Amino acid sequence: MKLSQIFDAIDGEYLSQGIDNDIAHLMTDSRKAFDLESGLFFAIDGPHHDGHSFIPELIKSGFQNFVVEKEIGEIPKNTNVIKVASSVKTLQAIAAVKRAAFNKPVVAITGSNGKTIIKEWLAQILSEKLNVCKSPKSFNSQIGVPLSVWPLSEAHDLGVFETGISEPGEMLPLKKVIQPTQGIFTNIGSAHEQYFASIDEKLDEKLILFEGIDQLYYRNDNPLINEGLNRMQNPPKHKTSWGFNSKADLQVEKKEGQFFQLKSQNESFNLKLHSGNEPYIENIMHCVCFAYFNGWTPSEIQKGIDALRPIKMRLELKKGINQTYIIDDTYNNDLAGLEIALDFLAQQKHYPKKSLILSDIPQSDPKESTYSRVAELVKEKGITQLYAIGHELADFKSLFPASTKFYPSTEAFLQHSFDAFEKEVVLIKGARSFGFEQIAKQLTERIHRTVLEIDLDAVTHNLNVYRQLLKPETKLLIMVKALAYGSGGSEIAHLLQFHKVDYLGVAYVDEAVQLRKAGINLPIMVINPSEEDLPNLVAYDIEPEIYSFLQLKTFSEFYLKKGIALKGHFTINTGMNRLGFDPEDLTTLIAQLHAQPHIKVQSLYTHLAASDEPIHNEFSLQQLQTFTGYAQKVEQQLGIKTIKHALNSAGIVAYPEYQFDMVRLGIGLYGIEPCGNLQHELKSISTLKTVISQIRNVKKGETIGYGRKGKVTKNMRVATIAIGYADGFSRIFSNGNGEVMLNGQIAKVIGNVCMDMTMIDISNIEAEEGDSIIIFGEKPTISELAKNAKTIPYEILTNVSDRVKRIYFAE
Ligand SMILES: *Cc1c(COP(=O)(O)O)cnc(C)c1O
């Protein structure tokens with residue numbers, strides 16, 4: 001669509017008008033805006049950040065087309081800026097126009113659970129015969145739905161889109177975008193939702209999606225849903241159900257093992273499923289029902305089910321060989337998925353070098369335009385080296401950069417020496433038939449089977465929870481000391497840099513140097529710098545804490561000799577008695593600062609000794625008062641204004657009126673709220689996992705492990721798991737003090753924890769060697785572990801040793 005056509009379809013005015021570009025892509029995330037001429041960026045003023053603040057950067061990088069809700073600063077010539085009342089509504093309106101031009105079936109999916117899995121599976125099954133356009137990942141929101149619908153084109157046979165809502169009034173706009181002809185209703189959860197008065201109200205809102213459509217598919221086992229459908233004013237023209245009862249159009253009955261019998265009016269047939277587990281059956285039966293009543297034969301359906309692969313909901317960044325990072329996305333390959341994976345790759349700023357190992361894109365039509373788009377993407381997303389595997393890619397050789405290396409097959413590529421991969425980020429993206437998991441295996445570092453998984457989206461979520469507690473003008477410093485409390489310094493810092501926090505804080509200069517080397521350019525404060533760090537402080541522009549006269553003298557002399565200003569963060573001891581100037585040092589300190597104009601008070605701060613304990617409330621308030629007075633004097637007598645700060649995570653929650661100019665957030669970002677008041681709003685960001693190495697039966701009377709401490713009082717099944725105190729699983733957890741999760745159940749530690757291994761009692765749990773064990777995560781929580789170990793969550797988090805591989809996730 002031309003930009004002018006888009007302009008005609010919406011209600012807006014040009015703040016600036018340039019070339020009438022052909023718009024190929026809509027985007028709301030500035031990280032994904034690489035398409036300088038044919039991308040259209042929608043600036044959305046959201047609860048967490050304002051898209052408008054990214055516009056200057058985008059303009060600087062040459063991006064040309066914007067939809068905005070408010071005036072923006074200076075606009076260079078040849079930039080298109082359209083001002084509208086609501087960017088989201090405009091995005092929806094444009095997608096609706098695109099949808100209206102498509103005259104083949106469009107399926108909309110909604111319900112409380114299973115939407116994404118059903119959509120993905122249905123698309124997998126149907127794509128054996130049809131060219132399906134589907135929502136990427138779980139793009140089901142007010143913004144996600146229009147972005148999903150936009151790519152619909154003549155080349156597609158069918159659209160499959162999911163929708164998700166959480167408040168009344170949200171479904172109608174989504175329905176207007178999707179304009180479904182068919183629908184699948186997954187189910188209705190019994191959980192009471194915040195914004196709905198009752199389940200019925202929630203159900204009715206969801207059913208708006210299906211008003212007046214040609215055909216709805218649903219499960220008729222739930223009376224609530226049947227009643228809801230009967231209440232509809234403008235019901236679907238046809239309703240077809242499946243269920244475990246005789247009224248369903250497709251009756252399902254469980255048989256032996258994984259076999260199920262299905263009966264329609266005309267025939268009866270059996271299907272073999274992967275599992276007998278309830279959510280799985282429900283999800284798969286929705287797909288079966290849809291395919292069956294759209295003319296697929298039982299044997300075609302069975303073939304589709306057999307070929308289904310588990311859906312990976314998110315991309316992972318793993319550490320690979322030779323200091324590489326690997327993004328392993330080896331289960332399918334289509335254009336939309338490739339674009340998402342490339343965006344994730346482009347966001348990784350660890351190294352400038354970015355490689356893509358790519359397979360052909362099967363079932364893509366027309367080939368020519370598919371591969372030209374691939375070539376465009378390779379260019380836009382800054383790929384430094386492309387490895388192209390497959391005959392189709394080779395057929396379009398001329399489209400790709402001259403440096404591209406072509407291989408006829410995965411086998412041929414595996415002959416390639418992997419030593420060539422070094423200090424780079426590698427995306428492995430291949431269709432299932434190419435077996436790229438072999439490549440991933442070769443490239444991923446495998447030292448140890450214990451991993452710490454970090455959910456970067458949860459970190460962002462927690463950041464936003466705290467941001468909402470701050471006044472708009474309060475600056476935010478995030479403590480990323482001790483490798484971001486064990487979660488990985490540079491990875492977390494990159495995320496924080498993207499989210500535009502104001503400051504980072506670390507304990508030692510080495511940590512700050514690591515961050516600089518990894519490309520972090522935010523201001524960094526170091527709490528505990530020493531004299532030998534001085535050259536690095538200067539070389540890497542790191543700002544030291546200043547806490548004593550002796551230290552001030554050495555530092556001041558060094559900076560004076562270098563002829564540069566010393567930007568110091570001055571700490572005032574108000575009761576913590578750790579580092580800092582005491583109140584009686586005040587006069588001397590001010591005099592010294594007066595006398596040495598090259599010293600700049602970058603900030604002034606104090607640290608609370610017991611902000612997480614209400615019992616010390618009075619003491620904390622006293623500290624804050626002392627600090628207020630002290631800071632006032634410094635500012636008055638020196639005639640300066642500086643950044644004043646006192647609150648850590650617990651303080652932010654307990655003393656909101658003392659935010660001063662900045663707060664220092666630490667453990668809260670990592671998912672733990674020390675007071676407990678806010679815990680329910682935070683997400684767990686890390687999961688420490690290991691596996692079962694061996695299982696054995698042990699007879700009553702025997703013992704387990706070192707010192708024969710594990711007494712076996714009855715015949716027992718015991719699993720040895722691959723984690724020990726050297727990984728951070730403290731020896732305190734020996735002999736029943738520790739509990740781990742295995743297949744959703746709790747297993748107790750038996751005997752002493754060893755250096756690299758631990759034994760657990762699994763007598764009552766079904767498990768196999770290789771099964772996954774959760775040490776901490778959503779359950780058990782870090783706080784529970786800390787309690788069992790008689791310590792605090794901080795120690796559990798930071799004790800996970802370096803040899804435990806960190807894996808990062810993001811949507
Ligand atoms: C570690 C630290 C913080 C952060 O503390 P949390 O309790 O993790 O929020 C804040 N300020 C200073 C000086 C620190 O050393």
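The figures follow:
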{"read-out": "Tally of residues being away from the ligand (no atom under 16 Å from the Cβ), buried (at least 18 other Cβ atoms within 10 Å of the Cβ) and among the β-branched types (Val, Ile, Thr) across the range 445-491", "value": "4"}
{"read-out": "Residue in the range 589-603 that is within 16 Å of the ligand (Cβ to nearest atom), at negative phi, touching a residue at least 40 places away in the same chain (Cβ under 8 Å) and assigned by TED's automatic domain parsing to the domain that holds Tyr540 present", "value": "yes"}
{"read-out": "All strands (runs of 3 or more DSSP E) inside the range 1-89 with 3 or more residues being surrounded by fewer than 19 Cβ atoms within 10 Å (Cβ to Cβ)", "value": "12-16"}
{"read-out": "Residue check for Leu550: more than 15 Å from the ligand (Cβ to nearest atom) and either among the β-branched types (Val, Ile, Thr) or closer than 25 Å to Ala650 by Cα (or both)", "value": "no"}
{"read-out": "Any pair with Cβ under 6 angstrom, 6 or more apart, that starts in the range 400-426 at a residue that is within 17 Å of Ile361 (Cβ to Cβ) and part of a helix (DSSP H, G or I) and ends at one that is open to solvent by less than 60 Å² (accessible area, probe 1.4 Å) and of a type in the set (Gly, Ala, Ser)", "value": "Thr410/Gly435"}
{"read-out": "Boolean, Lys318 is open to solvent by less than 40 Å² (accessible area, probe 1.4 Å) and within 27 Å of Phe396 (Cβ to Cβ)", "value": "no"}
{"read-out": "Top-ranked residue in the range 474-497 [being assigned to a helix (DSSP H, G or I) and polar (S, T, N, Q); ranked as farthest from Lys805 (Cα to Cα)]", "value": "Gln497"}
{"read-out": "Single condition Tyr280 does not satisfy, out of (1) open to solvent by less than 20 Å² (accessible area, probe 1.4 Å); (2) among the hydroxyl-bearing types (Ser, Thr, Tyr); (3) free of Cβ contacts under 8 Å to residues at least 12 places away in the same chain", "value": "(1)"}
{"read-out": "Criterion (closer than 22 Å to Gly676 by Cα, out of contact with any helix residue (DSSP H, G or I) (no Cβ under 9 Å at 6 or more places or on another chain) and open to solvent by 10 Å² or more (accessible area, probe 1.4 Å)) met by exactly one of Lys714, Lys709, Lys779", "value": "Lys779"}
{"read-out": "Total residues in the range 593-618, condition surrounded by fewer than 16 Cβ atoms within 10 Å (Cβ to Cβ), over 39 Å from the mean Cα position of the chain (by Cα) and in a helix (DSSP H, G or I)", "value": "3"}
{"read-out": "Index of the failed condition, Pro583 passing every other in (1) more than 16 Å from the ligand (Cβ to nearest atom); (2) surrounded by 17 or more Cβ atoms within 10 Å (Cβ to Cβ)", "value": "(2)"}
{"read-out": "Tabulated pairs, the range 203-218, first among the polar types (S, T, N, Q), second outside any helix (DSSP H, G or I), C-beta under 6 angstrom, 6+ apart or interchain", "value": "Gln215/Gln182; Gln215/His238"}
{"read-out": "Total residues in the range 504-535, condition more than 22 Å from Gln348 (Cα to Cα), away from the ligand (no atom under 16 Å from the Cβ) and touching a helix residue (DSSP H, G or I) at 6+ places or on another chain (Cβ under 7 Å)", "value": "3"}
{"read-out": "Of all residues in the range 357-399 being of a type in the set (D, E, K, R) and free of Cβ contacts under 8 Å to residues at least 24 places away in the same chain, the one that is most open to solvent (accessible area, probe 1.4 Å)", "value": "Lys379"}
{"read-out": "Wholly enclosed strands (runs of 3 or more DSSP E) of the range 627-745 bearing at least 3 residues more than 16 Å from the ligand (Cβ to nearest atom) and in contact (Cβ under 8 Å) with a residue 12 or more places away in the chain", "value": "686-698, 716-721, 739-742"}
{"read-out": "Long-range neighbours under 7 Å by Cβ, at least six apart or interchain, first residue farther than 20 Å from Gly666 by Cβ within the range 797-809, second open to solvent by 30 Å² or more (accessible area, probe 1.4 Å) and of a type in the set (Gly, Ala, Ser)", "value": "Ser801/Ala726"}
{"read-out": "Condition check for Lys115: open to solvent by 40 Å² or more (accessible area, probe 1.4 Å) and touching a residue at least 24 places away in the same chain (Cβ under 8 Å)", "value": "no"}
{"read-out": "Any chance Gly183 is small (Gly, Ala, Ser), more than 27 Å from the chain's Cα centre (by Cα) and modelled with pLDDT of 90 or more", "value": "yes"}
{"read-out": "Tabulated pairs, the range 480-507, first under 12 Å from Tyr670 (Cα atoms) and without any contact (Cβ under 8 Å) to a residue 12 or more places away in the chain, second more than 14 Å from the ligand (Cβ to nearest atom) and in a helix (DSSP H, G or I), C-beta under 7 angstrom, 6+ apart or interchain", "value": "none"}
{"read-out": "Test result for Asp541, in the same structural domain as Lys475 (by TED's automatic domain parsing) and either of a type in the set (Val, Ile, Thr) or open to solvent by 50 Å² or more (accessible area, probe 1.4 Å) (or both)", "value": "yes"}
{"read-out": "Yes/no for Gly563 being on the phi > 0 side of the Ramachandran plot and within 14 Å of the ligand (Cβ to nearest atom)", "value": "no"}
{"read-out": "Some residue of the range 783-792 being assigned to a loop (DSSP other than H, G, I, E, B) and within 30 Å of Ile326 (Cα to Cα)", "value": "no"}
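The values are calculated or read from the model by the stated rules, or taken from the named source; none is laboratory data. Note that the structure is predicted; figures quoted are calculated from it, not measured. Note that we place each Cβ from the backbone using ideal geometry, even for glycine, and neighbour counts take in every protein chain shown. For accessibility, only protein heavy atoms count, side chains too; no ligands or nucleic acids. Shrake-Rupley method; radii C 1.70, N 1.55, O 1.52, S 1.80 Å.
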